[in-house]
Number of protein chains: 2
Amino acid sequence: MIDFQTEPENYRHWRVEYDGNVATLFMDVDEAGGLFPGYDLKLNSYDLGVDIELADIVQRMRFEHPAIGTVVLRSGHPKVFCAGANIRMLGGADHAHKVNFCKFTNETRNTFEAAGPESGQSYICAIRGSCAGGGYELALACEHILLTDDGSSNVALPEVPLLAVLPGTGGLTRVTDKRRVRRDLADVFCSTEEGVRGKRALDWKLVDELVPNSKFEETTRNRAAEFAARNAKSGGVTGIPLDPLARTFPDGGSITYSTVEIALDRDLGTATITIHGPDGAPPDSMTALHTAGASTWMLRAARELDDAILHLRFNETGIGVVLFKTTGDIGALMAHETFLLENQADWLAHEILLYWKRVLKRIDVTSRSLVALVEPGSCFAGVLAELLFACDRTYMADGPFEGDNRPEAAFSLSAMNFGPLPMANDLTRLETRFLGAPEKVARAQAQIGEALKSHTAERLELITFALDDIDWHDEIRLFLEERGSFSPDALSGMEANLRFAGPETMETRIFGRLTAWQNWIFQRPNAVGETGALQSYGSGNRAQFDRRRV
Amino acid sequence: MIDFQTEPENYRHWRVEYDGNVATLFMDVDEAGGLFPGYDLKLNSYDLGVDIELADIVQRMRFEHPAIGTVVLRSGHPKVFCAGANIRMLGGADHAHKVNFCKFTNETRNTFEAAGPESGQSYICAIRGSCAGGGYELALACEHILLTDDGSSNVALPEVPLLAVLPGTGGLTRVTDKRRVRRDLADVFCSTEEGVRGKRALDWKLVDELVPNSKFEETTRNRAAEFAARNAKSGGVTGIPLDPLARTFPDGGSITYSTVEIALDRDLGTATITIHGPDGAPPDSMTALHTAGASTWMLRAARELDDAILHLRFNETGIGVVLFKTTGDIGALMAHETFLLENQADWLAHEILLYWKRVLKRIDVTSRSLVALVEPGSCFAGVLAELLFACDRTYMADGPFEGDNRPEAAFSLSAMNFGPLPMANDLTRLETRFLGAPEKVARAQAQIGEALKSHTAERLELITFALDDIDWHDEIRLFLEERGSFSPDALSGMEANLRFAGPETMETRIFGRLTAWQNWIFQRPNAVGETGALQSYGSGNRAQFDRRRV
């Protein structure tokens, strides 16, 4: 089992030093610390295990070290900055792992890239040594790139010439769309195995600053201080510890957290994720919120849901459909949510809401069919109601169910559904749902706080189907069986196209265009065949290519 | 050899009836008329040959029948509207053909979709019978869809449930982004093999109009007349004949047109396309232009270049790099171009310019490395200068070449480079090149009409490399050999990502996200393996799927 939970004491590949409002993050990959056997993580190359630690650092930086205004990304390796994703790992990994690995690393890069604008926590990159492939993609996700001018340190995207794959962790997209490197220079850069160094790297906009080697430390310190000075919350704020999640595996078919349960039906290919709303009232003051810390429902549920999704992605690839259910008291959930919304000036309240944005985005790009079931007694409201619109379709119970004493199914919208939780396309899920029909968004917004039963929900076009208790079980069973009979690949492609209508952003381009092309290449014999580049790398044999263009 | 040239007398699959300013286009596919052996084109299913005729019709409609204001797309088959792309053809085709086939059909649909807004020639679709898959994608590209309410006629995108592939000819994108079908309903629709008919098709926005069967003919006529009334040029305009192209194949390694030459180097994997600028002056009046018709240089060169590109795409898949060269007199070319630009009120002048837009877009999405060589005596100006910015990189000769009496290499910009020829992202190629730096576009614009030699061109960032005659041949040879050593797949993916920075449109989404996912699926065993859906279709065997999600 791949576990996404870790903590600083267990890090093998990264080291963080804190100095006032600046943190320095040293990448120093343990060669022998690969997640799987069969490869050494030489030259600061990375695998999923390295990235799980990085994701943990980025997350803890926000919650445990909120006073940090700049994170300087550096290498702890004496010679190289980072050689990118480990090639032997990629060569040995199956297709699904390659794809999931890239998705997770992309999510982590997006997360630290957003930390500056969202939380005043800017990542800057100080490059000494060779910074290649995934290494340069780490740099590209930073707000500022310093390169030392020592005659050898360089940046490179050698994937195409060296490995016959793409710089798939946002590299191509950030080169053109973020750094706005001229496309012909980008073509030259991305087909030059040895990369670019010195003045040319600066002239081509591949780095922001070229620094004489003798001034590299000083300049990096100065730049870190400048970025940190932008962080409004610097000084005086204290983080909260992210305690280990309460997670158990009572049997092979279920996983239990404190607010989230997963029930697996491997024959049917479904996972049912049930989220339990809060039991009690929200904290009664900001002090109480900070004291509660990671145990407050809104943060606990987000962390557990996040972990549940990652678990399913990597450890349960046979699951094709994820069903979302909720239970609990809508009023209690609304009280918790409102408390945070009304206190966003507090860094922790703000961070918890930002985290929900990330968790929901992670759900959006999860390549499983996503279905919400609104049953009697359910608790889809506000942030949990957002799941209804993240899903590919939503079934809602219509009227009371015989012999079921729980309250009739209803859900509620809140301010959370109309702004704070944008998708990757920068629209809310309701704006995306009602693309070009803002009046339908407004019509839904007018219902904030109402208990919406199935007839109203249908009229407002907020659900896909309403079913009464006679049809409920059979119809859903039939749907799940049918869905399970379709090709998983066709469903992945279909869902990736239907979920993100409307405007595109760098983020949608990375998960859409770039990822889809990379996935295609990850299937092509020229990359992954027996004589393809990934297998041939390091073997002494030259890759054999079918030269025909497609 | 696949030939993209055809003419009405040779059509086997389509019939056009003209009535005043309305044309009715009947799809009536000849079952025995497949382009390749091994399949029958049953139920109005289509292959590339059917689409080549459609592309010819769409092109001739603009030039030969400019008075037509509405084209009604209908079926000539007694039972079905269209069953989409032929499955046995897809099952038997190699990967490259599938991909190229989809690209060409997409281009044709984009072309007739744009005919209304651009030329007042609106395509509307009148559906009777089953309209499935690629058939419904034809409808989706129309401006208006009428469906008869006869209890059986329907629209469907059954690709996912039936064939384990995507509706890849724009279907998914147009459903969400053009027709703005709600994403959950789109999910239901695209996973329902039997499609949707009657009121539900209307309610879900899958069609624009549901018509009682008894009123179908009358309503279709009325709608056609309404759309035709919008066409400002209706009545009084006379088309020009698109004569067969003058094309010869003097030997296995070259193709010659009147203004375009292709020289193939199959060992090196390159095709050199040389475009010869006009010899004489432009027509001296609009009457002269219309009399010259298809023989006028601007139209002739566009048609020949278009055919050359398609020829290379389908018949020369071993060619990885296309080199563009030009020869001729820049002044003469500018005179021809200016004549059209200044007379755009004339439909023919306008159409010729629109055609150049399409040809250049076709070049943009051609998955070969594109390189422009600006040599002494070259004629890159205006519309031909646009090739410099369509290419992945541009090499320019620096200074006089010893023993070469031709004029020193220089090129010129014109108004054509600053508006009339947008890319699929709706920006000009120079705006895309200088994304986020409008001052660089303005700086180039200030040079309109100047002969730009290499130093100025470098300063304006309009070329990639300037090389003097000592380096020219060796450097380019080296580059071509290196390019030829890279994986063609990685290059296709890289170029598809680097070429289209900036905003996305429905068109870029179709060629980017949708196509990339479809290409991925076209490689997946669940679709194309021995027990995959495409092979199993019609065999009586059920497809066997690996249920693991990627």
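Every condition in (1) within 16 Å of the chain's Cα centre (by Cα); (2) crowded, with 24+ Cβ neighbours inside 10 Å holds for B:Ala115 except the one numbered (2). Restricting attention to the stretch A:128-152, the residues that are of a type outside the set (D, E, K, R), within 20 Å of A:Thr173 (Cβ to Cβ) and open to solvent by less than 10 Å² (accessible area, probe 1.4 Å) total 11.
Here B:Ala516 meets the list (1) more than 9 Å from chain A (Cβ to nearest Cβ); (2) touching a Phe, Trp or Tyr at 6+ places or on another chain (Cβ under 8 Å) almost entirely, failing just condition (1). Of everything in the stretch B:38-65, what is modelled with pLDDT of 95 or more and more than 19 Å from the chain's Cα centre (by Cα)? Give them in sequence order. Across the stretch B:38-65, the qualifying residues are B:Tyr39, B:Asp40, B:Leu41, B:Lys42, B:Leu43, B:Asn44, B:Ser45, B:Glu64, B:His65.
The single condition among (1) hydrophobic (A, V, I, L, M, F, W, C); (2) out of contact with any Ser or Thr (no Cβ under 6 Å at 6 or more places or on another chain); (3) closer than 29 Å to A:Ile68 by Cα that A:Leu163 does not satisfy is (3).
Confirm whether B:Glu475 is of a type in the set (D, E, K, R), touching a Ser or Thr at 6+ places or on another chain (Cβ under 7 Å) and touching a residue at least 24 places away in the same chain (Cβ under 8 Å). So B:Glu475 fails the test. When you scan the stretch A:42-63, do you find a residue that is farther than 29 Å from A:Ser152 by Cβ and surrounded by fewer than 15 Cβ atoms within 10 Å (Cβ to Cβ), even just one? No, every residue in the stretch A:42-63 fails to be farther than 29 Å from A:Ser152 by Cβ and surrounded by fewer than 15 Cβ atoms within 10 Å (Cβ to Cβ). A residue that is in a strand (DSSP E or B) and touching an Asp or Glu at 6+ places or on another chain (Cβ under 9 Å) occurs somewhere in the stretch B:135-144.
Scanning the stretch A:418-436 for residues that are open to solvent by 30 Å² or more (accessible area, probe 1.4 Å), in a loop (DSSP other than H, G, I, E, B) and not aliphatic (A, V, I, L, M) yields A:Gly419, A:Pro420, A:Asp426, A:Gly436.
Residues of the stretch B:253-284 that are under 20 Å from B:Ala335 (Cβ atoms) and polar (S, T, N, Q): B:Ser258, B:Thr259. Of everything in the stretch B:519-550 that is closer than 30 Å to B:Asn425 by Cβ and facing chain A (nearest Cβ under 7 Å), the residue that is farthest from the chain's Cα centre (by Cα) is B:Val550.
The set of residues in the stretch B:1-25 that are over 21 Å from the mean Cα position of the chain (by Cα) and open to solvent by 30 Å² or more (accessible area, probe 1.4 Å) comprises B:Glu9, B:Asn10, B:Arg12, B:Arg15, B:Val16, B:Glu17, B:Tyr18, B:Asp19, B:Gly20, B:Asn21. Going residue by residue through the stretch B:340-361, is there one that turns out to be at pLDDT 95 or above, outside any helix (DSSP H, G or I) and of a type in the set (A, V, I, L, M)? Taking every residue of the stretch B:340-361 in turn, none turns out to be at pLDDT 95 or above, outside any helix (DSSP H, G or I) and of a type in the set (A, V, I, L, M).
Can you work out which of the residues in the stretch A:79-121 that are assigned to a loop (DSSP other than H, G, I, E, B) and touching a helix residue (DSSP H, G or I) at 6+ places or on another chain (Cβ under 6 Å) is nearest to the other protein chains (Cβ to nearest Cβ)? Looking at residues that are assigned to a loop (DSSP other than H, G, I, E, B) and touching a helix residue (DSSP H, G or I) at 6+ places or on another chain (Cβ under 6 Å), I get A:Ala83.
Inspect all residues belonging to the stretch B:488-511 and state whether any of them is part of a loop (DSSP other than H, G, I, E, B), more than 7 Å from chain A (Cβ to nearest Cβ), surrounded by fewer than 24 Cβ atoms within 10 Å (Cβ to Cβ) and among the aliphatic types (A, V, I, L, M). No, because not a single residue in the stretch B:488-511 is part of a loop (DSSP other than H, G, I, E, B), more than 7 Å from chain A (Cβ to nearest Cβ), surrounded by fewer than 24 Cβ atoms within 10 Å (Cβ to Cβ) and among the aliphatic types (A, V, I, L, M). Candidates A:Arg368, A:Arg358: the one that is under 21 Å from A:Phe104 (Cα atoms), charged (D, E, K, R) and open to solvent by 10 Å² or more (accessible area, probe 1.4 Å) is A:Arg358. Within the stretch B:314-355, being within 14 Å of another protein chain (Cβ to nearest Cβ) and open to solvent by less than 20 Å² (accessible area, probe 1.4 Å) holds for B:Ile319, B:Gly320, B:Val321, B:Val322, B:Phe324. Taking the criterion of being of a type in the set (A, V, I, L, M) and over 30 Å from A:Ala225 (Cα atoms), would at least one residue in the stretch A:96-111 satisfy it? Taking every residue of the stretch A:96-111 in turn, at least one turns out to be of a type in the set (A, V, I, L, M) and over 30 Å from A:Ala225 (Cα atoms). Scanning the stretch B:294-308 for residues that are surrounded by fewer than 19 Cβ atoms within 10 Å (Cβ to Cβ) and out of contact with any Phe, Trp or Tyr (no Cβ under 8 Å at 6 or more places or on another chain) turns up just one, B:Ser295. Residues in the stretch A:159-205 that are away from chain B (no Cβ under 11 Å), outside any helix (DSSP H, G or I) and surrounded by 19 or more Cβ atoms within 10 Å (Cβ to Cβ): A:Thr169, A:Gly195, A:Val196, A:Arg197.
The residues of the stretch B:260-293 that are part of a helix (DSSP H, G or I) and either on the phi > 0 side of the Ramachandran plot or open to solvent by 10 Å² or more (accessible area, probe 1.4 Å) (or both), listed by number, are B:Met286, B:Thr287, B:Ala288, B:His290, B:Thr291, B:Ala292, B:Gly293. Filtering the stretch A:66-92 to residues that are of a type in the set (Gly, Ala, Ser), open to solvent by 20 Å² or more (accessible area, probe 1.4 Å) and modelled with pLDDT under 95 leaves A:Ala67, A:Gly92. Looking for whichever is more than 30 Å from B:Phe500 (Cβ to Cβ), surrounded by fewer than 20 Cβ atoms within 10 Å (Cβ to Cβ) and facing chain B (nearest Cβ under 7 Å) here; the options are A:Glu475, A:Glu482, A:Glu461. Which one fits? Of A:Glu475, A:Glu482, A:Glu461, the one residue that is more than 30 Å from B:Phe500 (Cβ to Cβ), surrounded by fewer than 20 Cβ atoms within 10 Å (Cβ to Cβ) and facing chain B (nearest Cβ under 7 Å) is A:Glu461. Within the stretch B:158-184, the residues that satisfy the criterion of being farther than 24 Å from B:Leu534 by Cβ and in contact with a helix residue (DSSP H, G or I) (Cβ under 9 Å, 6 or more places away or on another chain) are B:Thr176, B:Asp177, B:Lys178, B:Arg179, B:Val181, B:Arg182, B:Arg183, B:Asp184. When the criteria are applied in full, B:Ala466 fails the requirement of being part of a helix (DSSP H, G or I), more than 7 Å from every other protein chain (Cβ to nearest Cβ) and either open to solvent by 10 Å² or more (accessible area, probe 1.4 Å) or modelled with pLDDT of 95 or more (or both). Whenever a residue of the stretch B:203-217 is free of Cβ contacts under 8 Å to residues at least 24 places away in the same chain, its partners that are surrounded by 13 or more Cβ atoms within 10 Å (Cβ to Cβ) and assigned to a helix (DSSP H, G or I), lying with C-beta atoms within less than 7 angstrom and at least six residues away or across chains, give the pairs B:Trp204/B:Leu185; B:Trp204/B:Phe189. Quick check: anything in the stretch A:123-130 touching a strand residue (DSSP E or B) at 6+ places or on another chain (Cβ under 9 Å) and part of a loop (DSSP other than H, G, I, E, B)? For the stretch A:123-130, residues touching a strand residue (DSSP E or B) at 6+ places or on another chain (Cβ under 9 Å) and part of a loop (DSSP other than H, G, I, E, B): present.
The values are calculated or read from the model by the stated rules, or taken from the named source; none is laboratory data. Being a predicted model, the structure only gives us computed values, none of them experimental. Positions of Cβ are backbone-derived with ideal geometry, glycine not excepted, and every protein chain shown enters the neighbour counts. Keep in mind that these areas ignore ligands, DNA and RNA; they rest on the heavy atoms of the full protein, side chains included. Shrake-Rupley method; radii C 1.70, N 1.55, O 1.52, S 1.80 Å.
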